[in-house]
Amino acid sequence: QVLSDVFNAPVYTIDTANSACLGSAYRAIHGLVAETNVSLADVVKLAPEPKLAVTPTTGAEELYRPLLKRYAELEQKVIYNPTSSC
C-alpha cells in the first residue's frame, strides 16, 4: 500500500515465486535482444498475468508529493556534491 500511496499509482503483483527476480530476468532478456528492436512487451508476453493488489489511498498524493520533491532535491545534492551535509 505504501508504494501505491507514495507514487500515486496502482500496484500489480504476479502469482509466482521470486517475482522481483523474474522481472529482472525479463529486463535482462530485453537488453540482450535490444539490437533486434524487440519491445519489452514482446519479451514479457508469456509472463503470468498481473493482478491488481492495491490502489492509492485517497488524499495520499497531497501528503507524499512535497516529500517526493524534497527527496529528489536531497538525492541530487548527494549525487552532485557527495561531501556536503544534507
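The values are calculated or read from the model by the stated rules, or taken from the named source; none is laboratory data. Keep in mind that what you see is a predicted model, and the values were worked out from it rather than measured. Cβ coordinates were reconstructed from backbone atoms using ideal geometry, including for glycine residues, and neighbour counts include every protein chain displayed. In case anyone asks, the SASA skips ligands and DNA or RNA and just uses the protein heavy atoms, side chains included. Shrake-Rupley method; radii C 1.70, N 1.55, O 1.52, S 1.80 Å.
Quick notes on this one:
- Solvent exposure of the chain as accessible area per residue, Å², 1.4 Å probe: 80 Å²
- For THR36 and VAL2, the difference between the fully extended length at 0.36 nm per residue and the C-alpha to C-alpha distance is 8.5 nm.
- Here the gap between SER24 and VAL44, fully extended at 0.36 nm per residue and compared with their Cα-Cα distance, gives a gain of 6.1 nm.
- With a Förster radius of 25 Å applied to the C-beta separation of GLU62 and THR16, the computed FRET efficiency comes to 0.10.
- Helix 60-80 and the longest principal axis of the Cα set of the chain meet at an angle near 80°.
- Within the chain: Cβ-based charge dipole about Cα centre, in debye rounded to nearest 20 (Lys, Arg +1; Asp, Glu -1): 160 debye
- Interchain or long-range residues, amide H under 5 Å from VAL54's placed H: VAL11
- Rolling a 1.4 Å probe over the protein heavy atoms leaves SER39 with an accessible area of roughly 50 Å².
- Size of electric dipole in segment 39-86: Cβ of Lys, Arg +1 and of Asp, Glu -1, about Cα centre, debye, nearest 20: 80 debye
- Angle between the chain longest axis and helix 19-32 axis [Cα atoms, degrees, rounded to 10]: 70 degrees
- Percentage relative contact order, segment 1-80, counting C-alpha pairs under 8 Å, at least six apart: 48 percent
- Reported label for calculated Kirkwood radius over Cα pairs in Å given [x] 13.1; [y] 14.4; [z] 16.0: [z]
- Distant-in-sequence amide H partners of VAL38 (H built 1.01 Å from N, under 5 Å): none
- Among LEU22, THR36, LEU67 the positive-end extreme of the charge dipole of the chain (Cβ point charges): LEU67
- Whole-percent carbon and sulfur share, accessible surface of the chain, 1.4 Å: 60 percent
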